[in-house]
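The values are calculated or read from the model by the stated rules, or taken from the named source; none is laboratory data. Bear in mind the structure is a predicted one, so any value in this text is a computation, not a measurement. Heads up, the Cβs are rebuilt from the backbone with ideal geometry, glycines too, and the neighbour counts pull from every protein chain shown. Note: areas computed on protein heavy atoms with side chains; ligands, DNA, RNA excluded. Shrake-Rupley method; radii C 1.70, N 1.55, O 1.52, S 1.80 Å.
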Amino acid sequence: MGIYTKTVTTTYANLKFALQGLTADANIIVSDPQNAIIGNVSTSGTLGYIIKNNGSKNGDFSDTDFSSASLATDTTNAFYYCTRLVAMGKLPTTITNATNMFYLDTALVSANTTWVINVTNATQMFQSTALTSVDTNYFTKLVTGDYMFAGCSGISSISTAAFKNVQSAHGMFGSMTLLSSIDISKLTKLKT
């Protein structure tokens, strides 16, 4: 359930216009998520591009399941610097590279992570977001997590139980000012 009182339902083709017409922060429901395209935020027509470049109000997409969306060739930077993105629903489980996915999404407080079961690279995935918690249980194939949560100053605890395949974790938990301790005992494959 979204965080705002206003809810807007739209098709993917009309999402741009729905975002441009917002007069208040809103929960956004895309009625045909299978028509969405998940790809680099700099590519016109992708979900990230539409969110980043349209409207001036915050949008909560947590009530839309984008698991049937199409993937562009490049899924890195999918929602990079989408400063008005507050929450994201489920994405396709076929994504393996989530590098910079939500990097610098300074309003992001919630992200569904049940879809990350095949992600191997999450470099800077959540860096400098407003997350206060994140479910890491599905990151079982993660190999590279450099700066993954760096600057997430609202997170006070994080589970590393699923990080059994992580080999690189440079700055993974850097500048997490509320995090007082971290259990790294599961990070047995660390190389760097």
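Just a few scattered comments:
- Condition check for Asp32: charged (D, E, K, R) and either within 16 Å of the chain's Cα centre (by Cα) or at pLDDT below 95 (or both): no
- Residues that are modelled with pLDDT of 95 or more and open to solvent by less than 90 Å² (accessible area, probe 1.4 Å), drawn from the stretch 1-15: Tyr4, Lys6, Thr7, Val8, Thr10, Thr11, Tyr12, Ala13, Asn14, Leu15
- In this structure, Thr140 does satisfy being surrounded by fewer than 24 Cβ atoms within 10 Å (Cβ to Cβ), out of contact with any strand residue (DSSP E or B) (no Cβ under 6 Å at 6 or more places or on another chain), modelled with pLDDT of 95 or more and over 26 Å from Met1 (Cα atoms).
- Residue within the stretch 61-72 that is open to solvent by 10 Å² or more (accessible area, probe 1.4 Å), within 17 Å of Thr99 (Cβ to Cβ) and of a type in the set (Asp, Glu) present: no
- Qualifying residue in the stretch 99-112 (condition: acidic (Asp, Glu), buried (at least 21 other Cβ atoms within 10 Å of the Cβ), touching a residue at least 24 places away in the same chain (Cβ under 8 Å) and assigned to a loop (DSSP other than H, G, I, E, B)): yes
- In the stretch 82-98, of all residues being over 11 Å from the mean Cα position of the chain (by Cα) and not basic (Lys, Arg), the one that is surrounded by the most Cβ atoms within 10 Å (Cβ to Cβ) corresponds to Ile95.
- Beta carbons closer than 9 Å, at least 6 apart along the sequence or on distinct chains, pair a first residue in the stretch 69-96 that is in contact (Cβ under 8 Å) with a residue 12 or more places away in the chain and over 21 Å from Ser128 (Cβ atoms) with a second that is hydroxyl-bearing (Ser, Thr, Tyr) and not in a loop (DSSP other than H, G, I, E, B) for Pro92/Ser70.
- When restricted to residues that are closer than 22 Å to Arg84 by Cβ and either in contact with a Lys or Arg (Cβ under 7 Å, 6 or more places away or on another chain) or β-branched (Val, Ile, Thr) (or both), the stretch 126-175 contains 4.
- Scanning the stretch 16-39 for residues being open to solvent by 20 Å² or more (accessible area, probe 1.4 Å) and either more than 27 Å from Thr76 (Cα to Cα) or part of a loop (DSSP other than H, G, I, E, B) (or both) gives a total of 6.
- Tally of residues being touching a residue at least 40 places away in the same chain (Cβ under 8 Å) and farther than 22 Å from Thr76 by Cβ across the stretch 40-60: 2
- In the stretch 43-60, the qualifying residues are those that are assigned to a loop (DSSP other than H, G, I, E, B) and out of contact with any helix residue (DSSP H, G or I) (no Cβ under 7 Å at 6 or more places or on another chain), and the one that is surrounded by the most Cβ atoms within 10 Å (Cβ to Cβ) is Thr46.
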